[in-house]
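This report refers to the structure that appears directly beneath it.
The values are calculated or read from the model by the stated rules, or taken from the named source; none is laboratory data. From a predicted model like this one, the values you see are computed outputs, not experimental measurements. In this analysis, Cβ positions are derived from the backbone assuming ideal geometry, glycine residues included, and neighbour counts consider all displayed protein chains. These area figures cover heavy atoms from the full protein model, side chains too; ligands, DNA and RNA do not enter into them. Shrake-Rupley method; radii C 1.70, N 1.55, O 1.52, S 1.80 Å.
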Amino acid sequence: MLEHHELVIVGSGPAGLTAAVYTARANLEPVMVEGLAAGGQLMLTTEVENYPGFIEGIMGPDLMMRFREQALRFGTRCITADADSVDFSARPFRIRVSDLELTADAVIISTGATARMLGLANESRLLGHGVSTCATCDGFFFRDHDIAVIGGGDSAIEEAIFLTKFARKVTIIHRRDELRASKIMQDRALANAKIDFRWNSEVIDAFGEGKLSSIRLRDTVAGEESDLAVTGMFVAIGHDPATALFAGQLDLDPDGYIVTAPDSTRTSVEGVFACGDVQDRTYRQAVTAAGSGCMAAIDAERYLEATKHVPAHS
Ligand code: NAP
């Protein structure tokens, strides 16, 4: 089946859904390929207290449901399936979703990123209940707690330093005896009295009924196992942008993030825009993703307006 639309949005987190609200209200009748795991990373979080406008906070999935309802209200059509392939080499652009082939004059990509997890048996059960992947989002909930931060890169060190504002103690657990983080970040962490290090250590399990209470560590050199009592564990071992679909079609940076032009959401292909965590390795917040979704909507709208005289199948 072949369908043509002015605008197709691929991905349905805060960025894509904000782009949908804006473009739907601009009468572009956007079609959103929302994916089988619609809603993005907020679907995996519990309480969100830093999204402006929600004074008492809101659960991540509820927030996403509200975004979606708002997008639907203005006429967005959602396709609950994953995009299988895209072709941006010719116009109109093509997006295949199982046996449906969508063609589009403009595309907004908002497929997001996923935080890497350790793969522990209890990790997903305790996610949002002591286990977190975002200190900026959840640090506030850990006042006077003992916290572990896993990883040795800039993210882990930055999160650990940030968490010392709240925590009683922060233990950085790193699988080697040398940090990957930049020297200046290392120095800051080493000088921070609230931060301890457990070198050559990997987390092999997490425990807690309802909430995290401890983690089990294994010494990567000696092989010894030990338990550490913590009520917070921040996993900071990197993110993977969801860009496998776009490799070879759009410019990606060495870590796979879509490259966008400064101060815009334009990608290396004119008419294809990217917003949210798929192009942002720095801020990674729902509100910044939503903001860049708005930018993508405005960029796409202007692009479509400017190219209206060009026949769709040129
Ligand atoms: P990263 O630099 O790739 O570091 C990931 C860390 O997690 C590494 O120390 C790695 O250990 C560890 N790790 C990976 N998989 C693991 C596993 N399965 N179990 C245990 N540990 C594991 O990622 P990042 O820290 O998120 O940083 C990503 C990029 O953003 C980097 O370029 C970074 O410089 C940049 N960044 C910059 C800032 C800043 O400048 N303020 C802040 C945040 C991020 P190994 O070291 O043994 O590989």
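The criterion of being open to solvent by 10 Å² or more (accessible area, probe 1.4 Å), farther than 23 Å from Ala37 by Cα and assigned to a loop (DSSP other than H, G, I, E, B) does not hold for Ala81.
Selection of region 98-156 for residues being within 24 Å of Asn50 (Cα to Cα), open to solvent by 60 Å² or more (accessible area, probe 1.4 Å) and more than 16 Å from the ligand (Cβ to nearest atom) yields Arg125, His129, Phe140, Phe141, Arg143, Asp144. Entry remark, region 248-267: residues being open to solvent by 60 Å² or more (accessible area, probe 1.4 Å) and either part of a helix (DSSP H, G or I) or out of contact with any Lys or Arg (no Cβ under 8 Å at 6 or more places or on another chain) (or both) number 7 in total. Which of the residues spanning region 197-221 are away from the ligand (no atom under 14 Å from the Cβ), part of a loop (DSSP other than H, G, I, E, B) and open to solvent by less than 70 Å² (accessible area, probe 1.4 Å)? Of everything in region 197-221, those that are away from the ligand (no atom under 14 Å from the Cβ), part of a loop (DSSP other than H, G, I, E, B) and open to solvent by less than 70 Å² (accessible area, probe 1.4 Å) turn out to be Gly208, Gly210, Leu212, Ser213.
Return yes or no: is Glu34 within 22 Å of Asp280 (Cβ to Cβ) and among the charged types (D, E, K, R)? Even if it seems obvious, please write down each step before you answer.
Values: within 22 Å of Asp280 (Cβ to Cβ): yes; among the charged types (D, E, K, R): yes.
Here the answer is yes, as Glu34 does meet what is asked.
For Leu245, the requirement of being without any contact (Cβ under 8 Å) to a residue 40 or more places away in the chain, under 19 Å from Ile108 (Cβ atoms) and of a type in the set (A, V, I, L, M, F, W, C) is not met. For region 176-196, the set of residues classified as more than 11 Å from the ligand (Cβ to nearest atom), assigned to a loop (DSSP other than H, G, I, E, B) and acidic (Asp, Glu) is empty. Criterion applied to Lys165, Lys169 was being in contact with a strand residue (DSSP E or B) (Cβ under 8 Å, 6 or more places away or on another chain) and away from the ligand (no atom under 15 Å from the Cβ), and the one residue passing it is Lys169. Look at region 187-216: where a residue is farther than 19 Å from Ala160 by Cβ and a partner is open to solvent by 70 Å² or more (accessible area, probe 1.4 Å) and part of a loop (DSSP other than H, G, I, E, B), sitting 6+ places away or on another chain with Cβ atoms under 6 Å, you get Lys211/His129.
A quick yes/no check of all residues on (1) open to solvent by 10 Å² or more (accessible area, probe 1.4 Å); (2) within 23 Å of Gln285 (Cα to Cα); (3) not hydroxyl-bearing (Ser, Thr, Tyr):
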| site | (1), (2), (3) |
| --- | --- |
| Glu3 | yes, no, yes |
| Pro14 | yes, yes, yes |
| Ala19 | no, yes, yes |
| Thr23 | no, yes, no |
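Quick check on region 266-282. Is at least one of its residues more than 18 Å from Ala242 (Cβ to Cβ), touching a residue at least 40 places away in the same chain (Cβ under 8 Å) and of a type in the set (A, V, I, L, M)? Scanning region 266-282 turns up no residue that is more than 18 Å from Ala242 (Cβ to Cβ), touching a residue at least 40 places away in the same chain (Cβ under 8 Å) and of a type in the set (A, V, I, L, M).
For region 31-64, name all the residues that are in contact with a Gly (Cβ under 7 Å, 6 or more places away or on another chain), within 28 Å of Leu102 (Cβ to Cβ) and open to solvent by less than 70 Å² (accessible area, probe 1.4 Å). The answer is Met32, Gly35, Gly39, Gly40, Gln41, Leu42, Pro61, Met64.
The set of residues in region 162-185 that are in contact (Cβ under 8 Å) with a residue 12 or more places away in the chain and open to solvent by 40 Å² or more (accessible area, probe 1.4 Å) comprises Phe162, Lys165, Arg168, Lys169, Arg175, Arg176, Asp177, Glu178, Arg180, Ser182. Given the condition open to solvent by 70 Å² or more (accessible area, probe 1.4 Å), modelled with pLDDT under 95, under 23 Å from Glu29 (Cα atoms) and in a loop (DSSP other than H, G, I, E, B), answer yes or no: does some residue in region 282-303 qualify? Within region 282-303, not a single residue is open to solvent by 70 Å² or more (accessible area, probe 1.4 Å), modelled with pLDDT under 95, under 23 Å from Glu29 (Cα atoms) and in a loop (DSSP other than H, G, I, E, B).
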